[in-house]
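Following: one structure in structure tokens, then a few remarks.
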């Protein structure tokens with residue numbers, strides 16, 4: 001139990017006195033904040049229902065009341081109406097569309113070609129260094145017979 005100093009002023013006009021009064025510790029409150037934010041997603045049927053309700057609103061402030069009740073923003077309605085007009089309401093999924101197999105194969109071949117070009121350049125550099133070293137050490141290429149291609 002913790003204690004704190006409390007200043008009290010007597011009602012009779014005398015000097016204030018200090019005394020220790022026990023203070024109950026505050027209980028730990030479970031936080032409602034989630035550790036990681038998560039994007040809200042709305043099913044197509046929910047979007048259609050909300051759009052129908054918004055379209056039926058005829059008086060001033062009814063759409064705002066609908067949005068507050070559902071916890072939505074006006075931009076939701078704008079986006080959903082545009083999707084409805086284009087026939088895409090509920091049909092689109094997030095993320096990249098699956099790639100065409102021919103495109104994937106082309107990308108794979110380009111990567112492999114680039115990898116092999118780098119290996120070839122490295123091998124040619126090693127052979128060039130070996131030639132220079134052989135010339136510096138006086139080891140001529142005549143050591144190998146001309147007909148031997150090993």
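Per residue, what volume in Å³ does the convex hull of the Cα atoms of the range 44-86 enclose?
Enclosed volume per residue, from the Cα hull, is 65 Å³.
If you stretched the chain out fully between residue 130 and residue 99, how much longer would it get, using 0.36 nm times the residue separation minus the C-alpha to C-alpha distance?
6.6 nm
Compute the length gained on full extension between residue 59 and residue 74: take 0.36 nm times their separation in residues and subtract their Cα-Cα distance, giving the result in nm to one decimal.
Stretched out fully, the residue 59 to residue 74 stretch lengthens by 3.8 nm.
I need 118, 47 ordered by Cβ neighbour count within 10 Å, fewest first.
With the fewest neighbours first, 118, 47 line up as 118, 47.
Compute the FRET efficiency between residue 30 and residue 67 as 1/(1 + (r/R0)^6), taking r as their Cβ-Cβ distance and R0 = 22 Å, and round to the nearest 0.05.
Calculated value: 0.15.
How would the range 74-124 be classified by its alpha-carbon gyration tensor: rounded, prolate or oblate, with rounded meaning a/c under 1.5 and the a/b versus b/c comparison settling the rest?
prolate
Here, each number is a calculation from the coordinates, and none is a lab measurement. Bear in mind the structure is a predicted one, so any value in this text is a computation, not a measurement. Because the Cβ atoms are built from the backbone with ideal geometry, glycine has one as well, and the counts that use them run over all protein chains shown.
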